[in-house]
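S.K.: Could you have a look at this structure, given as structure tokens, before my questions?
The values are calculated or read from the model by the stated rules, or taken from the named source; none is laboratory data. Keep in mind it's a predicted model, so treat the numbers as computed, not measured. Quick reminder, even Gly has a Cβ in these numbers, built from the backbone with ideal geometry, and neighbours come from all protein chains shown. Note: areas computed on protein heavy atoms with side chains; ligands, DNA, RNA excluded. Shrake-Rupley method; radii C 1.70, N 1.55, O 1.52, S 1.80 Å.
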Amino acid sequence: WPGSTPRLAVVGTPGLMRSARPPTERVAKVLVATTNSPLGTALLPWSYCHLYMAALAPGLRRLMNGGVSVTLRIHPSESMNDYKQLTMRLGLSNIHIGARGPFSVAAADNDLLISPESSVALEAGAGGMPVMMWAGALTPSLRRRYLVPPLSESLPATFSTSDEFEDLVARILKEPSTGLDDAYKLGQRLGLFAMPADRDALSDTLRELAA
């Protein structure tokens, strides 16, 4: 940074409520979240969204064939029509694309979140939701070098390939209570990096900025 390093004030996430969900005994509804549009960088290439959905496609078909309801929750900055076309090309034409709205509302009606590396994964974990997360194609050494915790860590219930995701899906379809163990562990770890909004911290920060 030129000059003095800026101070970062963490004030939390508006609307985030920590809650202890009862353990899921049967996975009936799965929420698939997308993330912000790619930036065309080495970490977020232009093909990021397609690579993510392509990695999910075989496993999502397996979930739906197993009687699980799958809803796609599109990031507010993204085009619903783009995802309709993408899901058609990937053989996911029968996937439900959810209505626009707060993530917390969508998450409350589902048993499991599948997400790329996004803030919604942290929010879901803070709310007691099990999470499976796509880690992209970055090697562990690159993750340690260029990312920050928790994304720089070796985390459970993460996957990079369609085969790895299908393996996770097979485990939760066969025995949900044990198959979700790692997804709960991941949610708990991610949830430590999210917190409800602190009104006092926000007020103090705003006063400091206005001074």
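S.K.: Starting from the Cα gyration tensor of the stretch 116-171, take the square roots of the eigenvalues, sort them a ≥ b ≥ c, and report rounded, prolate or oblate (rounded when a/c is under 1.5, otherwise prolate if a/b is larger than b/c, else oblate).
M.R.: It comes out oblate by the Cα gyration axes.
S.K.: Which order do L206, L56, L142, L147 take when ranked by solvent-accessible area (1.4 Å probe, heavy atoms of all protein chains), largest first?
M.R.: Largest accessible area first, the list is L206, L142, L147, L56.
S.K.: Another question about this same structure. For the stretch 64-141, how big is Rg over Rh, using alpha carbon atoms and the Kirkwood form of Rh?
M.R.: 0.97
S.K.: Right, another one. Under a GNM of the chain (C-alpha, springs under 10 Å), which listed residue has the highest mean-square fluctuation: N81, N94, N110?
M.R.: With Cα springs under 10 Å in the chain, the top fluctuation among N81, N94, N110 is at N81.
S.K.: Something else about it: Using only Cα atoms, what is the ratio of the radius of gyration of the stretch 97-211 to 2.2 N^0.38 Å?
M.R.: This ratio for the stretch 97-211 stands at 1.24.
S.K.: For the chain, what is the convex hull (Cα atoms) projected area averaged across all directions, in square nanometres?
M.R.: Its average projected convex-hull area is 13.2 nm².
S.K.: Right, here's the next one. Among residues other than S69 whose Cβ falls under 15 Å from its Cβ, what is the net charge (Lys/Arg +1, Asp/Glu -1)?
M.R.: +3
S.K.: ³J(HN,Hα) across the stretch 128-139 via Karplus (A = 6.51, B = -1.76, C = 1.60, θ = phi - 60°), whole Hz, x for Gly/Pro?
M.R.: Along the stretch 128-139, the couplings run x, 8, x, 9, 10, 10, 6, 9, x, 9, 5, 6 Hz.
S.K.: Taking the Cβ of A107 as the centre, find all other residues whose Cβ is under 12 Å away and add up their charges (Lys, Arg: +1; Asp, Glu: -1).
M.R.: 0
S.K.: Now, a different point. Order T71, T87 by their accessible area, 1.4 angstrom probe, all chains in place, largest first.
M.R.: T71, T87
S.K.: Which of A194, A183, A137 ends up with the largest GNM mean-square fluctuation for the chain, with Cα atoms connected below 10 Å?
M.R.: A137
S.K.: With a ≥ b ≥ c the root eigenvalues of the C-alpha gyration tensor of the stretch 148-187, is it rounded (a/c under 1.5), prolate (a/b larger than b/c) or oblate?
M.R.: oblate
S.K.: Now for a separate question. Determine the share of the stretch 125-175's accessible area contributed by carbon and sulfur atoms, expressed in whole percent, with a 1.4 angstrom probe.
M.R.: 53 percent
S.K.: Compute, for the chain, the length of the dipole vector about the Cα centre, with Cβ point charges of +1 (Lys, Arg) and -1 (Asp, Glu) only. Units Debye, rounded to 20.
M.R.: Taking the Cα centre of the chain as origin, the dipole is about 180 debye.
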